[in-house]
Structures are given as C-alpha cells and as structure tokens.
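> Quick one: structure below, then a few questions.
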Amino acid sequence: MIYRKLGNSDLEVSAITFGAWAAGGWMWGSTDRNEAVEAIKASYEMGVTSIDTAPIYGQGTSEEIVGEAIKGISRDKVQILTKFGMRWDLAKGDFAMHSKNNDGKDIDVYKYAGKESIIYECEQSLQRLGTDYIDLYQIHWPDSTTPIDETFEAVSKLIEQGKVRFAGVCNYNTQQMAEAEKTLKLVSNQIPFSMVNRGVEKETVPYCIENSKSILAYSPLERGLLTGKIHNGYQFQEGDHRASHKHFQPEFIERTNALLDQIKPIAEVHNATLGQLVLRWTIERPGITVALAGARNAEQAVQNAKAVEITLSKEEINTINELVNNF
C-alpha cells in the first residue's frame, strides 16, 4: 500500500481508502452487515488503514459497521474519517432532499452545521464507531444558513477536547475553504472526481495544490460505472439511486464504455481489472491524495486495494490522459 500525509499534518492515510457509503445501504438498495464488516476487515489486511464514513449513510448504520469491523484492531493502526452536517432527525438548515431510510420510511435530509448540532453529532458518531476520537472530521456539505466561522469554531473546540484530530471539508468551493481557514487550518477537501467527472480540476484542485490541502477523491469509479460492468439495461436493486442518476442513462453509459474499451489493453498488460487501472490512474493525478473506493464484500475490497500494485509508465499515463481529455 502507498501512504500519504493529509495536507501539512502528520496524519498518514492509505492512498486507497475504504469508502463506506454503500456499506451503510442507504441509496444503494440495502446492505448485508456481515459482508460489509468482512469487506472492511479484508481491506485492512491488504494495507487499507483508512475508512471514510458518515452518519447519514444508513442513518448511523455505516458508522456502526465501521465500529464493528475495527474492534480488535489497535486504534492507532486505523484512521477513521467521518463527517457531520447532514441531519435526518432535525428540520433545520438547508433542505437537502426527500429520501427513505433503510426501513423504507420517508425521511427529509437537511444540511445543517450549527455549533450545538456539531457537538451533538460528534458524540453520536463516537458512540457508533466505538472510539474516543475521530482522525479527520469533515463537514459533509456547505450549509448556507450557518456562518462558516461558527461551524469551525465548534470543530476547533472538539480538537481542543481531543475528540477530533484534524478538520477537513467536503464539497466546498475555494471561497468556502478560504473562509473556513480564517478560523481553523484545514487539511483536506473531499470532492467528486473521476475520469468522466473532472469539473473540480478547473478551480478546486489548483487551489488545493497551491495551499497544500489534500484532495480525497470520492466516486473515482463513478459509482461503479468505470468498472466496465454496467451496460444498458443493467438492473439496479430497488432503492439504488444510480437508476435515475445522469451518469447511468443510456447515452452516458455507452460513451463511458467506449472510453473503457480504449484503455482496456493497458489494464490487460498489467493483468489488472479496469477498476484497478482507474483507481491507480486516479491516485497518480496531480493534487489527488486519496481515492475512496467502496466495496460491498471482501472480494471487491481486496481487488480495490490491489490497484496500488500496478506501476504505470509515463507513456501509459499520457495515453490514458489523452483518451480522457477527448471524452
């Protein structure tokens, strides 16, 4: 495994980090808790020491699964990355979406990052995770109803109390990051990035490089689309958000699979799957520190971790870059 420091901190994380959104089941058409626990354990055995989760993933389910999976592992050997600022149990802040919980009941989700809410959320997360500190605490989405300094004053307090080690953001633009930095030093920004979704390269990536902030790329496999296993007519489970997502409509699937057909020979040369090649390419991109890779079972987790075993030549990277630029 490859390990990298986040920003200017001494927090070292695995370049392939376990993304536990799907493990929580929410918006992914259910979850098998035992398989999810085994996936995290298998990942750890492969050197994936960092796990990214959030309270909203299954309304606590994902964090509980992570807590169960790391029992018995020395706490200083794993890095827990979780989030705050999405409430399904409090109608306050920016309305985010109508959704359903893991029992199929309707819920309304709000983006809210008020001070008291953050303190409360942290306590809940610590309980579910079965730990007394969080390595990286990240705001999940911007909340326009709360001043940014109020949000990060609360996180500063948690750092002072030893409940949080470092602060990060997710889905923040450069202005929001600069505003947050007035209150507290950030180490990272978690943003969507993949071969077919590179909008963040325009402003956010250059800003993070210039200001020594790490980027945690989420959905680097574009929710499974870049594995090459999704074709037109693919049947999603009930409750799987991908069925209505713009990147899973026929025309986009076809364009993506045409790109994958072009890079497949490079994967074959390295005896690698398309997914592994995509993950390796992602962590080679300028500014990208970590690729978050989700897995529903141990086999997928091991495959993701093995992506670091591929060594791409400059020529191969340039070839892939050219194809991606033409997408």
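> Using a 1.4 Å probe, what is the accessible area per residue for region 54-190, in Å²? Walk me through the numbers on the way to the answer.
On the way: 5720 Å² over 137 residues.
The answer is 42 Å² per residue.
> Find out how many positive minus negative residues lie around ASN325, taking Lys and Arg as positive, Asp and Glu as negative, among other residues whose Cβ is under 12 Å from that of ASN325. Let's see the in-between values first.
Numbers: positive: ARG198; negative: GLU201, GLU322.
That sum, taken over residues with Cβ under 12 Å, equals -1.
> Right, next: Lys/Arg Cβ at +1, Asp/Glu Cβ at -1, dipole of the chain taken about the Cα centre: which of GLY85, ALA20, SER62 is farthest positive-ward?
The residue sitting farthest along the positive end of the dipole is ALA20.
> Next up: As an exercise, find the ratio Rg/Rh for region 153-194 from alpha-carbon atoms, using the Kirkwood inverse-distance average for Rh.
Details: Rg = 11.1 Å, Rh = 11.0 Å.
Computed over Cα atoms, the ratio is 1.01.
> Another question, if that's okay. Any number yet on Rg/Rh for region 126-183, C-alpha, Kirkwood? Display every interim value, and only then the final one.
Working: Rg = 11.8 Å, Rh = 12.0 Å.
Ratio of gyration radius to Kirkwood radius: 0.99.
> Taking all pairs of different Cα atoms in region 170-327, averaging 1/r and flipping that mean, what Kirkwood radius in angstroms comes out? It would help to have the intermediate numbers written out before the result.
Numbers: mean 1/r = 0.0600 Å⁻¹.
It is 16.7 Å.
> Of the trypsin sites (Lys or Arg not before Pro) in region 193-257, which ones lie in a loop per DSSP and count no more than 14 other C-beta atoms within 10 Å? Walk me through the numbers before you get to the answer.
On the way: sites: ARG198, LYS202, LYS213, ARG223, LYS229, ARG242, LYS246, ARG255; in loops: ARG198, LYS202, LYS213, LYS229.
Sites meeting the loop and neighbour criteria: LYS202, LYS229.
> About the Cα centre, and with charges only on the beta carbon of Lys, Arg (+1) and Asp, Glu (-1), how big is the dipole of the chain? Nearest 20 debye, please.
Details: 34 positive and 44 negative charges, 41 e Å.
With Lys and Arg at +1 and Asp and Glu at -1, about 200 debye.
> What residues qualify as long-range amide H neighbours of ALA96, i.e. H under 5 Å apart, gap of 5 or more or another chain, H built at 1.01 Å from N?
Answer set, sorted by chain and number: VAL109, TYR110, LYS111.
> Now a separate question. If you keep only loop residues by DSSP, which chymotrypsin sites (Phe, Trp or Tyr not before Pro) in region 218-312 have at most 14 other Cβ atoms within 10 Å of their Cβ?
Passing both the DSSP loop test and the Cβ count: TYR234.
> Now, a different point. Which percent of the accessible area of the chain is formed by carbon and sulfur heavy atoms (probe 1.4 angstrom)?
Numbers: 6560 of 14290 Å².
C and S fraction of accessible area: 46 percent.
> If you scale each eigenvalue of the Cα gyration tensor by 5 and take the root, what three semi-axes come out for region 176-263, rounded to whole angstrom and sorted largest first?
Values: eigenvalues 207, 45, 18 Å².
After scaling each eigenvalue by five and taking roots: 32, 15, 9 Å.
> Another question, if that's okay. Rounded, prolate or oblate: which fits region 61-206 when a ≥ b ≥ c are the square roots of the eigenvalues of the alpha-carbon gyration tensor, with rounded for a/c under 1.5 and prolate only if a/b beats b/c?
Working: a/c = 1.29, a/b = 1.13, b/c = 1.14.
Judged from the Cα gyration tensor, region 61-206 comes out rounded (a/c under 1.5).
> OK, next. Dividing the Cα convex hull volume of the chain by residue count, how many Å³ per residue is that? Working shown, then result.
Numbers: hull volume 40.8 nm³, N = 327.
Normalising the Cα hull of the chain by residue number yields 125 Å³.
> Longer than 21 Å from Cα to Cα, which of LYS41/LYS229; LYS77/LYS306; LYS5/LYS185; LYS5/LYS202 are they? Say none if no pair is.
The answer is LYS41/LYS229; LYS5/LYS202.
> Let me ask something else about it. Taking a probe of 1.4 Å, how large is the accessible area per residue of region 241-327, in Å²?
Numbers: 4250 Å² over 87 residues.
It amounts to 49 Å² per residue over region 241-327.
> Among the trypsin sites (Lys or Arg not before Pro) in region 97-130, which ones are in a DSSP loop with at most 16 other Cβ atoms within 10 Å of the Cβ? Mind listing them?
Numbers: sites: LYS100, LYS105, LYS111, LYS115, ARG128; in loops: LYS105.
Passing both the DSSP loop test and the Cβ count: LYS105.
> Considering only DSSP beta bridges with both partners in the chain, what is the antiparallel share in %, to the nearest 5? Walk me through the numbers on the way to the answer.
Working: 13 of 43 bridges.
If we restrict to bridges inside the chain, about 30 percent are antiparallel.
> What number do you get for region 1-136 when its Cα radius of gyration is normalised by 2.2 N^0.38 Å, N = residues?
After normalising by residue count via 2.2 N^0.38 Å, the value is 1.06.
> Farthest toward the dipole's positive end in the chain, which of ILE317, GLY47, VAL169, given Cβ charges of +1 (Lys, Arg) and -1 (Asp, Glu) about the Cα centre?
Of the options given, the answer is ILE317.
> Does anyone have the angle between helix 33-45 and the longest principal axis of the chain? Alpha-carbon axes, 0 to 90°, nearest 10?
Helix 33-45 sits roughly 70 degrees off the main axis of the chain.
> Aspartates and glutamates within cross-link reach of LYS264: Cα-Cα under 16 Å, excluding same-chain residues under 8 positions apart?
Output for LYS264: GLU254, GLU315, GLU316, GLU322.
> Taking just the alpha carbons, could you work out the radius of gyration and Dmax for region 235-327, both in angstroms?
For region 235-327, the Cα-based Rg and Dmax read 14.4, 43 Å.
> Using the Karplus equation 6.51 cos²θ - 1.76 cosθ + 1.60 (θ = phi - 60°), what ³J(HN,Hα) coupling, rounded to whole Hz, does each residue of region 160-171 give in order, writing x for Gly and Pro?
4, 7, x, 7, 9, 8, 9, 10, x, 10, 10, 6
> Around LEU312, under 13 Å between beta carbons, what's the net of Lys plus Arg minus Asp minus Glu among the other residues?
Values: positive: ARG280, ARG285, LYS314; negative: GLU284, GLU309, GLU315, GLU316.
Charge balance in the 13 Å sphere: -1.
> Tell me the Rg and the Dmax, in Å, that the Cα atoms of region 168-222 produce.
Computed over the Cα atoms of region 168-222, radius of gyration and Dmax are 10.8, 34 Å.
The values are calculated or read from the model by the stated rules, or taken from the named source; none is laboratory data. All values derive from a computational prediction rather than experimental measurement. With ideal geometry, Cβ positions are generated from the backbone for all residues, glycine too; neighbour counts draw on all protein chains shown. Protein only, heavy atoms only, side chains kept; ligands, DNA and RNA dropped before computing areas. Shrake-Rupley method; radii C 1.70, N 1.55, O 1.52, S 1.80 Å.
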